[in-house]
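Please read the structure below before turning to the comments.
The values are calculated or read from the model by the stated rules, or taken from the named source; none is laboratory data. What you see is a predicted model, and the numbers here were worked out from it, not measured in a lab. With ideal geometry, Cβ positions are generated from the backbone for all residues, glycine too; neighbour counts draw on all protein chains shown. When the accessible area is computed, the model is the full protein with side chains, heavy atoms only, and any ligands, DNA or RNA have been set aside. Shrake-Rupley method; radii C 1.70, N 1.55, O 1.52, S 1.80 Å.
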Amino acid sequence: MHIIDSHFHWWPRSVFEMLCKRHDFPPAKPNDKGCYTCILQDGPDYVLNSWPDWFDLDDQFAHMDRLGHQIDAVSSIGPFSVYFSALPESEGRDLAIQWNEEMANAQRRYPGRFWGSAAIPFQSEKVAMDVLEDAIGRLGLMGVNLPGSIGADPRIDQERMQSFYARCSELDLPIFLHPTDAIFNHMLDGYNGALFLSLGRVVEVSVAAMRLVLSGTMERHPKM
């Protein structure tokens, strides 16, 4: 059986080591699980704890090989995608390019089996477009990631995003939309994250998707 895992996460350690050097939000720090804890902004409900398995691509593929199926992976960023837009513009651009280069290196290590998608920082139209063109043109990545919010701003349908969507449609790129834990946290706090993780993420990504529909973005770019 040939299986395509389209909700696969591999996170390169080099990116998180860079965040560990930051003193302002959003920083990261190593944790006792052998991975990293990231803090988007001040407050206990803006903490992103990662899974150790996500940081070892070779080990993930070795596990898949033991399952007895042919499994290929399409890697998306998941909830971490919002961090590139939460950084100052130049830092967000540089970290996104570093992430994208790691994805491209993994594609070369596992040709035809691993497919990486691009991190995009959305602080400005220019930086988003520059990183997009670099990721697809120079690095050959197969798609892009769209966070459910631009930092803490939920309006991914705003006018300055339209040229980005138009270019993705023109290039016929898959766009991965994933909740980002950047909004709704303050309304759904407590209970050890149970309320937010069961409901908040679903609401966040649904609001983001509906903004693309109601704004006419999907109608203007029917290939998106």
- Sole exception among (1) in contact with a helix residue (DSSP H, G or I) (Cβ under 6 Å, 6 or more places away or on another chain); (2) open to solvent by 30 Å² or more (accessible area, probe 1.4 Å); (3) over 21 Å from Phe84 (Cα atoms) for Ser215, by number: (1)
- Qualifying positions in segment 79-111 - among the acidic types (Asp, Glu) and out of contact with any strand residue (DSSP E or B) (no Cβ under 9 Å at 6 or more places or on another chain): Glu89, Glu91, Asp94, Glu101
- Task: Search segment 147-169 for residues being among the small types (Gly, Ala, Ser) and open to solvent by less than 20 Å² (accessible area, probe 1.4 Å), and hand back the single one that is nearest to Leu87 (Cα to Cα).
- Result: Gly151
- Message: Which numbered condition in (1) under 15 Å from the mean Cα position of the chain (by Cα); (2) surrounded by 15 or more Cβ atoms within 10 Å (Cβ to Cβ); (3) under 25 Å from Ala62 (Cα atoms); (4) without any contact (Cβ under 8 Å) to a residue 60 or more places away in the chain is the only one that Tyr36 fails?
- Response: (1)
- Query: Looking at Arg109, is it open to solvent by 50 Å² or more (accessible area, probe 1.4 Å) and among the basic types (Lys, Arg)?
  - Reply: yes
- Query: Among the residues of segment 99-132, which ones are closer than 27 Å to Gln158 by Cα and without any contact (Cβ under 8 Å) to a residue 12 or more places away in the chain?
  - Reply: Lys126
- With respect to Ala119, is the statement that it is small (Gly, Ala, Ser), open to solvent by less than 10 Å² (accessible area, probe 1.4 Å), within 15 Å of the chain's Cα centre (by Cα) and more than 26 Å from Asn49 (Cβ to Cβ) true? no
- Task: Search segment 1-19 for residues being surrounded by 12 or more Cβ atoms within 10 Å (Cβ to Cβ) and among the β-branched types (Val, Ile, Thr), and hand back the single one that is farthest from Arg66 (Cα to Cα).
- Result: Val15
- Item | Residue check, Ala96 closer than 26 Å to Asp58 by Cα, in a helix (DSSP H, G or I), in contact (Cβ under 8 Å) with a residue 24 or more places away in the chain and open to solvent by less than 10 Å² (accessible area, probe 1.4 Å) | yes
- Query: Is segment 129-136 home to any residue that is modelled with pLDDT of 95 or more, farther than 26 Å from Asn185 by Cα, crowded, with 21+ Cβ neighbours inside 10 Å and β-branched (Val, Ile, Thr)?
  - Reply: yes
- If you take the residues of segment 170-201 that are without any contact (Cβ under 8 Å) to a residue 60 or more places away in the chain and hydroxyl-bearing (Ser, Thr, Tyr), which of them is least open to solvent (accessible area, probe 1.4 Å)? Ser198
